[in-house]
Amino acid sequence: MDAGEVETEIARVCGVLNATTARLVTLIARVLESESWQGAGIHSPSQWVAWKCGVSPARARTLVLMARRLAELPETRGAFDEGGLCEDQVAVVCRRAPAWADAEAATLARSATVVQLRRVLGSYPFADKATGDPAEPKEPDTPAEPRKVSFGTTERGTWQLSAELPADEGALVERALVAARDELFRAGEHDRAAKPVPAHVGWADAFVAMADRALSGASRPHQDRNVVLLHVGTDAEGRTNGHLHLGAGVSEGLRRFVGCDARIRPVLEAGGKAVSVGRAFRTVPGRTRIVIEERDRGCRVPGCDRSRWLQIHHVRHWEDGGETDTENLIALCHRHHRLHHLGKLGIEGNADEPDGLHFTDERGRPLDSSGRPILPGSRFAEAARDLDIPAGAWSHPTGERLDPHWIHFNERAS
């Protein structure tokens with residue numbers, strides 16, 4: 001198969017993929033309309049979609065966003081249904097374009113890359129901007145200004161922070177970063193006379209210095225750092241390892257560095273499990289709680305995406321003879337913990353086993369760990385015909401330079 005044939009086949013596959021995603025969005029729209037996503041322990045439509053479709057929370061929010069908005073964007077929806085626009089292109093239109101600009105936005109999307117489309121629609125001075133991301137219902141008292149911070153460990157094992165603040169608050173954070181960076185630079189200039197140190201001080205250095213200052217306090221010596229939890233022990237095969245609590249694994253060198261520069265609270269494990277305490281304690285000891293949080297990394301109930309402010313629950317209750325051992329302890333969010341004790345969520349099994357727990361609803365029906373897709377036939381076209389999905393080839397964006405200065409949307413008179 002030569003390059004031309006490969007490109008043609010890719011275009012066909014993309015067309016089917018786009019149209020299939022459009023069909024999925026249509027089905028999600030039906031779920032939203034009927035409110036059939038609601039159930040015991042389901043926090044939001046996007047959580048239900050992430051659970052049933054087996055996608056990430058971020059993609060689930062995007063699918064719900066498109067399901068909510070495409071009804072008022074018929075041209076974009078038509079291009080999506082026939083496979084002419086991809087999911088990311090449609091998502092940008094749904095986030096950025098008002099309903100009156102639907103036809104022109106859909107035409108632009110057919111020839112623009114996702115980056116170009118995001119740049120043009122994001123900066124265009126629409127009089128009535130789209131609402132941004134209506135994937136989740138907003139509380140009545142939600143402020144109009146964007147104000148959010150998110151952080152966590154990435155798939156690469158690094159730690160990532162994203163923040164969006166009103167301009168005045170952002171300026172305050174920026175000023176603090178500048179001050180921290182200036183202080184580091186001045187300290188480097190002082191030390192450079194005695195020993196060579198890097199002349200460049202980056203914003204990442206300033207950010208870490210801000211955090212260190214907040215935790216350490218100005219009058220506290222540098223060696224007295226805030227406590228860092230480091231899991232040190234052996235895995236199931238007896239190999240020594242180390243990783244930060246609820247974080248990524250650390251190399252031997254980084255583990256030694258952290259051990260030199262921070263006060264460590266070691267969490268000792270054998271085979272990935274903490275030492276059990278049986279019925280000696282009803283309240284879960286601190287070190288055991290740390291191990292449970294690390295093992296579960298969030299609420300264990302299928303479909304739940306909560307990973308903070310968790311509560312530790314005895315699978316077999318203490319009053320019924322349950323022990324305070326890791327196999328009998330799981331992490332639950334407040335909502336699911338409450339539902340269980342109200343008799344609306346059943347939990348049984350061994351929590352130390354990856355698939356050792358069994359959850360049931362209030363009627364005793366099992367809760368699957370995730371959605372179970374039905375595998376298609378051997379060819380995409382056959383699967384598309386079975387689902388009544390167009391199988392036309394997709395035409396990729398031109399990739400040419402796009403000057404936003406020449407883009408204008410014509411608002412029709414109502």
**Message:** Just to be sure I understand, how many residues within region 8-52 are polar (S, T, N, Q) and either assigned by TED's automatic domain parsing to the domain that holds Ser307 or closer than 14 Å to Val90 by Cβ (or both)?
**Reply:** 4
**Request:** Kindly indicate whether any position in region 58-69 is out of contact with any Leu (no Cβ under 8 Å at 6 or more places or on another chain), at pLDDT 90 or above, among the hydrophobic types (A, V, I, L, M, F, W, C) and within 20 Å of Gly15 (Cα to Cα).
**Result:** yes
**Request:** Kindly indicate whether any position in region 62-69 is hydrophobic (A, V, I, L, M, F, W, C) and in contact with a Cys (Cβ under 7 Å, 6 or more places away or on another chain).
**Result:** yes
**Asked** So which of Asp191, Asp141, Asp182 is at pLDDT below 80, assigned to a helix (DSSP H, G or I), farther than 30 Å from Asn410 by Cβ and not assigned by TED's automatic domain parsing to the domain that holds Leu65?
**Response** Asp191
**Message:** Kindly evaluate His396 against the criterion of being closer than 27 Å to Ala60 by Cα and either modelled with pLDDT of 65 or more or assigned by TED's automatic domain parsing to the domain that holds Ala19 (or both).
**Reply:** yes
**Complete:** Residue pairs qualifying under the 7 Å Cβ cut-off, at least six apart or on distinct chains, with the first in region 104-128 being under 21 Å from Pro74 (Cβ atoms) and free of Cβ contacts under 8 Å to residues at least 40 places away in the same chain and the second being surrounded by 18 or more Cβ atoms within 10 Å (Cβ to Cβ) and charged (D, E, K, R), are Leu121/Arg96
**Request:** Scan region 53-85 residue by residue and report those that are over 14 Å from Ala22 (Cα atoms), over 16 Å from the mean Cα position of the chain (by Cα) and either crowded, with 18+ Cβ neighbours inside 10 Å or not assigned by TED's automatic domain parsing to the domain that holds Thr26 (or both).
**Result:** none
**Item:** Failed item in (1) within 30 Å of Arg300 (Cα to Cα); (2) of a type in the set (Gly, Ala, Ser); (3) free of Cβ contacts under 8 Å to residues at least 40 places away in the same chain, with Ala50 passing the rest
**Value:** (3)
**Prompt:** Restricting attention to region 275-316, and to residues there that are exposed (fewer than 15 other Cβ atoms within 10 Å of the Cβ) and among the hydrophobic types (A, V, I, L, M, F, W, C), which single residue is modelled with the highest pLDDT?
**Reply:** Trp309
**Asked** Any residue in region 34-41 that is more than 26 Å from Leu345 (Cβ to Cβ) and either within 19 Å of the chain's Cα centre (by Cα) or surrounded by fewer than 18 Cβ atoms within 10 Å (Cβ to Cβ) (or both)?
**Response** no
**Asked** For region 110-119, what are the residues that are in contact with a Leu (Cβ under 9 Å, 6 or more places away or on another chain) and in a helix (DSSP H, G or I)?
**Response** Arg110, Ser111, Gln116, Leu117, Arg119
**Top-ranked residue in region 323-363 [being surrounded by fewer than 16 Cβ atoms within 10 Å (Cβ to Cβ) and of a type in the set (Asp, Glu); ranked as modelled with the highest pLDDT]** = Glu348
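The values are calculated or read from the model by the stated rules, or taken from the named source; none is laboratory data. Quick caveat: nothing in here was measured; it's all calculated off a predicted structure. Here Cβ is always computed from backbone atoms with ideal geometry, including for glycine, and neighbour counts include all displayed protein chains.
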